[in-house]
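Below is one structure; the comments refer to it alone.
Please treat every number below as a calculation from the coordinates, not as lab data. On a predicted model such as this, the values are computed, not experimentally measured, just so you know. No Cβ is skipped: glycine too gets one built from the backbone with ideal geometry, and neighbour counts run over all protein chains shown.
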């Protein structure tokens, strides 16, 4: 990073900028806005427009691009989950919309398979819902799900990670849709990162799910944006619960804090158009090159094991895992993460929850930074030899 202006806006605040080797994570600011997206946002900046009309027009365009019934721009995928849960519980009834998060007199149980519990399912409870686990650590059966669905069920929730191995102990999404719809209950899908291959973008609504969310930050949109996709009825309900519904309809729903700018809405539209039209082979090649810069530099160093992550599905392709032999170096994987964080420049990475290896993603770094990361790792290890 020869540019002395790198991070200057943060240095002026007394902050030390970092190299992001963790990936697209909220704790580090999420994403870099693509140039084309920023240009669209700039065009929107000095012009006002009724937000109800803007949401509808942009939603219609995105729905048409993705071949789904309807779409709505939200303040992140987590916001989409919270608004969808509200829609499944209170629907379009204005009295119930204003009653939330008090769910008395309305269905409020959100069913989720025990083995599918995850960090962000909390977003489904923020509008007043209650997550109810179905099955146990050994799995979930069709009968267990069917028996659990009753009049108090608001929806069945299902997170999707197509880049991971299939969990054969849980019900497949197709089964969940069939069972839930057989009892006239909707299905919600968290597919925040499922934007590649392109056929996965909106795939779950096209399969029959009533709603799915997308995190638009993964496509070069602002970190604070997301997309709700779904049936026309569900998306209409979400619009009524949203900040736009709160202000334009003067209905005091739970969505008022979920506010986004007109600039961001345009940014999401530009990001979707860019993503659907870009050369993904070139994009993947760039990510692979950054990964190999690190892997090839480190792979022959005694006492560490580095392996490329060959995944290209979803939002964060390639990257690498690294394991340090504590018999050769005076450190562990966990401790070395802190050593990198305290280096100059500061490099942030992590050992993900439930894993043992250091995982380095290249989503948030450029080519030069990938080489810096490799060099810092090597230099720090040399100073830790036993």
If you line up the long axis of helix 35-45 against the longest principal axis of the chain, both from Cα atoms, how many degrees apart are they, to the nearest 10? 50 degrees
Where both partners of a DSSP beta bridge lie in region 35-277, what percent of those bridges are antiparallel, to the nearest 5? 40 percent
Between residue 98 and residue 367, with labels modelled 7 Å along Cα→Cβ, what's the label distance in nm to one decimal, could you check? 6.0 nm
Cα-based Rg then Dmax for region 236-370, in Å, read 21.3, 66
Based on DSSP H runs of at least 4 residues, each adding -39500 (n - 2.57), what is the mean residue ellipticity at 222 nm of the chain after dividing by all its residues, to the nearest 500 deg cm²/dmol? -11500 deg cm²/dmol
To the nearest 10 degrees, how steeply does helix 232-241 sit against the main Cα axis of the chain, on a 0 to 90 scale? 80 degrees
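Hull surface divided by four, with the convex hull built on the Cα atoms of region 35-162: how many nm²? It would help to have the intermediate numbers written out before the result.
Details: hull surface 43.3 nm².
For region 35-162, averaging the hull's shadow over all directions gives 10.8 nm².
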Determine how many Å³ per residue the convex hull of the Cα atoms of region 337-386 encloses. 84 Å³
What does the extension gain come out to for residue 286 and residue 343, with contour length at 0.36 nm per residue minus their alpha carbon separation? 17.9 nm
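Output the direction-averaged projected area (hull surface divided by four) of the convex hull of the alpha-carbon atoms of region 35-277, in nm².
Values: hull surface 49.0 nm².
For region 35-277, averaging the hull's shadow over all directions gives 12.3 nm².
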What's the center-to-center distance, using Cα atoms, between region 297-326 and region 42-92 in Å? 38 Å
Give me the distance between the Cα centres of region 181-242 and region 121-169, rounded to whole Å. 17 Å
Nearest-0.05 FRET efficiency for residue 207 and residue 60, computed from C-beta distance (R0 22 Å): 0.55
Expressed as an acute angle from 0 to 90° and rounded to the nearest 10, what is the orientation of the C-alpha long axis of helix 280-298 relative to the principal long axis of the chain? 40 degrees
What does the extension gain come out to for residue 52 and residue 36, with contour length at 0.36 nm per residue minus their alpha carbon separation? 3.3 nm
